[in-house]
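First up is the structure itself, then whatever we jot down about it.
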Amino acid sequence: THLPPIGAPVANTQCCVVEPKTLQLQPIGVPGELLVGGACVARGYVGRPDLTAERFIADPFARFGGRVYRTGDLVRWLPHGELDFLGRIDSQIKIRGHRIELGEVTATLLGLPNVLEAVTVARGDTTASKRLVAFVVAADPALGLSVLELRAATARVLPDYMRPDNFVVLEALPRTPNDKIDVRRLPELPSRAAGGEAGADGDGAAGRAPPRTGFEEVVHELWCAVLGLGAAEVGVHDNFF
């Protein structure tokens, strides 16, 4: 079942959903960052000019009273005029030198066909072993979600370093008592070395081609050693970065 929405703007308050980077308005059903304007918006944070400049910005549409507040919430409009809360847009991490907004990856997943819910997390104990894992829920379980199709769809719109390394299809995402996604209760991925990757990722190690020549075997061993990954986690078609 779908979660209840967070509601509609109250009196003297205006809300809009925008693409986080361009601040362009998003149509109904498309995820984006929530901007709030109107009489409720304060002048800023006391004694924090840096944070004020980041969060309290000039109204990009010149219709909300001169200033709007960037909430950092990932939401989407529902057809009947209420907002659907999807998570946070400003959960930034760093993997192999690249800064990644997990909310942007999640927003991309939510825009794919038959994806009802999604969340993206970083897994791994060290910087070298960190990888992105996407947990998704199908809107229509009867149609199902193909991991290979999810991988191909994200590859068309996301750069290499932002693409999830693993996709896990769940019947439902774990929730806190406040009905928010409980990231701590998301399942752990089976060990690839133990042959459990197929159960978590849907396509398993078969999605990564093994080395075919002596030269590829040497490069394969070097990559595994430098990145701290298992042999089944690196294929000949993978990008080092």
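Before moving on, here are some points about what is shown:
- Across Gly87, Gly214, Gly111, mean-square fluctuation computed from a Gaussian network of the chain (C-alpha pairs under 10 Å connected) peaks at Gly214.
- Given charges at Cβ of Lys, Arg, Asp, Glu: the chain dipole, positive-most of Leu112, Cys224, Gly37: Gly37
- Electrostatic dipole magnitude of the chain [Cβ: Lys, Arg +1; Asp, Glu -1; Cα centre; debye, to 20]: 740
- For Val234, the amide hydrogen comes within under 5 Å of no other amide hydrogen, counting only partners 5 or more places away or on other chains and with H modelled in the peptide plane.
- Around the amide H of Ile95, modelled in the peptide plane, lie the amide H atoms of Ile100, all under 5 Å away and 5 or more residues distant in sequence or on another chain.
- Karplus 3J(HN,Hα) series, Hz, for the stretch 15-31 with 6.51 cos²θ - 1.76 cosθ + 1.60 (x for Gly, Pro): 10, 9, 10, 10, 5, x, 8, 8, 6, 7, 4, 9, x, 4, x, 9, x
- Fluctuation leader among Val30, Val183, Val218 - the chain, Gaussian network, Cα springs under 10 angstrom: Val218
- Most fluctuating residue given options Ala134, Ala209, Ala11, as computed from a GNM of the chain linking Cα atoms under 10 Å: Ala11
Since every read-out is calculated from the coordinates, none of them should be taken as a lab result. Just so we're clear, the structure is a prediction, and the values are computed from it rather than from any experiment. Every residue, glycine among them, receives a Cβ derived from its backbone with ideal geometry; neighbour counts consider all protein chains shown.
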